[in-house]
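*Asks:* Please find one structure pasted underneath; my questions will follow.
The values are calculated or read from the model by the stated rules, or taken from the named source; none is laboratory data. None of these values were measured; they are calculated from a predicted model. Positions of Cβ are backbone-derived with ideal geometry, glycine not excepted, and every protein chain shown enters the neighbour counts.
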Amino acid sequence: AKERGEGGYQRYRPGSEARGAERHRITAALTAALERQEFLLHYQPVVTLPEGRLTGVEALVRWVHPKRGLLGPAEFIPGAELTGMIVPLGDWVVHEACRQAAAWIQELGDRAPGTMSVNVSARQLQNPGFAEQVARALRESGLDAGRLTIEITESTALGGGATHDVLRALRAMGVRLALDDFGTGASTLSLLANCPVDQIKLDRSFTPGPGPAAIAGAVLQLARAMGLEAVAEGVETPEQAEQLGDLGYERAQGFHFARPMTAELVTVAITEPADL
Ligand code: C2E
Ligand code: CA
Ligand code: CA
Ligand code: CA
């Protein structure tokens, strides 16, 4: 039986007889949303420890749904991955993030966020055209490749297919790679040994508070030994920020510093720093 949500597809159930129709409907909804420009990027600051100075931002996609309001990625990325619509949506995300990063540099000069981080799904990296899309986004925006970081998860990096060639091509262009949600995958260490990345992002479940400080400390030592940058995610309290600083973390992200926000609010936070 097909239960149709109001303009949504959140009732998708694997194994239901309507699976084909469901996919078709998700594809149509996402195609229309792309055409109507209903997607939007929010940006979450990444800051230095212990100062809390802005060093970069992470782009996080949103869907301004005409009926359901502002939707987070959990509500539409799975459907986009299932249907392959993540490819055109992801291309839009890369282009928009590069455009915004370059606009901030024009507008704010030295005060612009130093780096722009973009999340990508396995399916995007299995598409050999992805590296060319990134190259185009950099060319069209004029953004330096070194200011763009592509965030992949451990499962994404194990994606097979063209994934490794795409990752190698991105790195050859000078784009930086980050291993997101570090520590939550099944083969974290073997992956780190085999997949050349520049940064690891300690998953928020391992940020001290929920997680033991010993793990956060050991991950930092591992990053240092391998010459990688470490970012602690999901920092929600001043105590967590203090503890990470004491452990030696130099980069952090989380609600304690700033929530994801519109580009306009990031600009305001930079030009009126009391608000950050
Ligand atoms: P992520 O890459 O791990 O992004 C961080 C998520 O944690 C964001 O949720 C952010 O709002 C949230 N967060 C940030 N600070 C804190 C904190 O202090 N505490 C807690 N509890 N949460 C915090 P969001 O925006 O809902 O994104 C969820 C996931 O969706 C992302 O996880 C990422 O995997 C995926 N995603 C977001 N944008 C994109 C995109 O453009 N493309 C793809 N393929 N995936 C995306
Ligand atoms: Ca991320
Ligand atoms: Ca993460
Ligand atoms: Ca201290």
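*Asks:* Would it be correct to say that Thr149 is in contact (Cβ under 8 Å) with a residue 60 or more places away in the chain, within 22 Å of Gln44 (Cβ to Cβ) and within 14 Å of ligand 2 (Cβ to nearest atom)?
*Replies:* yes
*Asks:* Of everything in region 178-190, what is out of contact with any Cys (no Cβ under 9 Å at 6 or more places or on another chain) and either within 19 Å of Ser117 (Cβ to Cβ) or of a type in the set (Phe, Trp, Tyr) (or both)? Give them in sequence order.
*Replies:* The answer is Ala178, Asp180, Asp181, Phe182, Gly183, Thr184, Gly185.
*Asks:* For Thr207, are the conditions met, namely being of a type in the set (S, T, N, Q), within 16 Å of ligand 3 (Cβ to nearest atom) and over 20 Å from Arg111 (Cα atoms)?
*Replies:* Spelling it out, Thr207 is indeed of a type in the set (S, T, N, Q), within 16 Å of ligand 3 (Cβ to nearest atom) and over 20 Å from Arg111 (Cα atoms).
*Asks:* Starting from region 120-134, take each residue that is in contact (Cβ under 8 Å) with a residue 40 or more places away in the chain and list its partners that are surrounded by fewer than 21 Cβ atoms within 10 Å (Cβ to Cβ) and in a helix (DSSP H, G or I), counting only C-beta distances under 6 angstrom and pairs at least six apart or across chains.
*Replies:* Ser121/Glu81; Arg123/Glu81; Asn127/Val87; Ala131/Ala169; Gln133/Asp91
*Asks:* Now, a different point. Mind telling me which of the residues Asp110, Asp91 ends up being under 14 Å from the mean Cα position of the chain (by Cα), surrounded by fewer than 22 Cβ atoms within 10 Å (Cβ to Cβ) and part of a helix (DSSP H, G or I)?
*Replies:* Asp91
*Asks:* Restricting attention to region 246-261, which residues are within 23 Å of the chain's Cα centre (by Cα) and more than 9 Å from ligand 1 (Cβ to nearest atom)?
*Replies:* Tyr249, Glu250, Arg251, Ala252, Met261
*Asks:* Could you give me the residue pairs with C-beta distances under 6 Å whose first residue belongs to region 26-52 and is within 17 Å of Pro78 (Cβ to Cβ), whose second residue is part of a loop (DSSP other than H, G, I, E, B) and among the hydrophobic types (A, V, I, L, M, F, W, C) wherever it lies, and which are 6+ apart or on separate chains?
*Replies:* Correct list of pairs: Thr27/Met85; Leu30/Met85.
*Asks:* Could you say which residue among Leu202, Leu179, Leu167, Leu192 is away from ligand 4 (no atom under 16 Å from the Cβ), more than 18 Å from the chain's Cα centre (by Cα), buried (at least 19 other Cβ atoms within 10 Å of the Cβ) and hydrophobic (A, V, I, L, M, F, W, C)?
*Replies:* Testing whether each residue is away from ligand 4 (no atom under 16 Å from the Cβ), more than 18 Å from the chain's Cα centre (by Cα), buried (at least 19 other Cβ atoms within 10 Å of the Cβ) and hydrophobic (A, V, I, L, M, F, W, C) leaves just Leu192.
*Asks:* Tell me the residue from Glu242, Glu236, Glu264 that is under 22 Å from the mean Cα position of the chain (by Cα) and part of a helix (DSSP H, G or I), please.
*Replies:* Only one candidate passes the filter, namely Glu264.
*Asks:* Continuing with the same structure: Between Pro196, Pro212, which is touching a residue at least 24 places away in the same chain (Cβ under 8 Å), more than 16 Å from ligand 2 (Cβ to nearest atom) and of a type outside the set (D, E, K, R)?
*Replies:* Going through Pro196, Pro212 in turn, the sole match is Pro196.
*Asks:* Which residue out of Ile200, Ile150 is out of contact with any Asp or Glu (no Cβ under 8 Å at 6 or more places or on another chain) and assigned to a strand (DSSP E or B)?
*Replies:* It is Ile150.
*Asks:* Hey, Gly227 hits all of (1) at positive phi; (2) crowded, with 20+ Cβ neighbours inside 10 Å but one; which does it fall short on?
*Replies:* It fails just one condition, (2).
*Asks:* Now, a different point. Pairs under 9 Å by beta carbon, first residue in a strand (DSSP E or B) in region 59-71, partner of a type in the set (D, E, K, R) and within 16 Å of ligand 3 (Cβ to nearest atom), six or more apart or different chains?
*Replies:* Sorted first by the residue in region 59-71, then by its partner, the list stays empty.
*Asks:* Here is a list of conditions, (1) within 13 Å of ligand 1 (Cβ to nearest atom); (2) surrounded by 21 or more Cβ atoms within 10 Å (Cβ to Cβ); (3) at pLDDT below 95, and Gly209 meets all of them except one; can you say which number that is?
*Replies:* The failed condition is (2).
*Asks:* Can I ask one more? Could you tell me which residue of region 118-164 is nearest to Glu58 (Cα to Cα), considering only residues that are at pLDDT 95 or above and touching a Cys at 6+ places or on another chain (Cβ under 7 Å)?
*Replies:* Checking each candidate, the answer is Leu148.
*Asks:* Please determine whether any residue of region 127-136 is within 16 Å of ligand 3 (Cβ to nearest atom) and buried (at least 18 other Cβ atoms within 10 Å of the Cβ).
*Replies:* no
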